[in-house]
Amino acid sequence: MAKRTLNRMDLRADYEAAERRKREEEEVEEDEGEEEEDDEEEEAGEEEVAVDDEADEDEDEEEEEYDEDGEPIRKKKKKKKKEPAKTTKPKRTRAGKVVRMRVVWWVCDNSNRQISSGRYEYPRRAEAEEHAARLTAEKKQTHFVQAVKEPIEEKPA
């Protein structure tokens, strides 16, 4: 049997009501504590009263405001803007040396291995195909021509 889904709005309302009751209790306790402090301050003297006035102003700013329904208005906290972290640019690396390639024809057997005498330059494809046909007839195995790229070996100047 499936569970009944919870109504999040009702849960939220219950939570907020509990928070309000908790805040009201704290305010009552603070008010009682302030009255006791006020009695002690009157006895202490004029100098301390001036300092405490500044503290009272800070407390006034911290007090919550209430809307028409008697619910406290929540003030949004100002978020500190984070400065973006300084990123270091990656060091530029040199591009790898481009190796020039050329196409040659290989005569290969059925297992794709090169035949020792079966390497021909690109313009000599017809000769490579003739060689593959001759080997197929002699050895009674399949031989074929395949184009392969290989690097051009440059001689130092």
Spin-label point model (7 Å from Cα, Cβ direction): what's the Arg113 to Lys80 distance in nm? 7.2 nm
Points 7 angstrom from Cα along the Cβ direction at Arg92 and Glu130: gap in nanometres? 5.4 nm
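Using a 1.4 angstrom probe, figure out how much accessible area region 84-142 has per residue, in square angstrom, rounded to the nearest whole. Could the numbers behind the result be given before it?
Working: 5440 Å² over 59 residues.
On a per-residue basis, 92 Å².
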Do you know the relative contact order of region 98-157, to the nearest whole percent, from alpha carbon pairs under 8 angstrom that are 6+ apart? 45 percent
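The values are calculated or read from the model by the stated rules, or taken from the named source; none is laboratory data. Model, not experiment: these values are computed from the prediction. Every residue, glycine among them, receives a Cβ derived from its backbone with ideal geometry; neighbour counts consider all protein chains shown. Ligands, DNA and RNA are stripped out before the accessible areas are found, and what is left, the full protein with its side chains, is counted by its heavy atoms. Shrake-Rupley method; radii C 1.70, N 1.55, O 1.52, S 1.80 Å.
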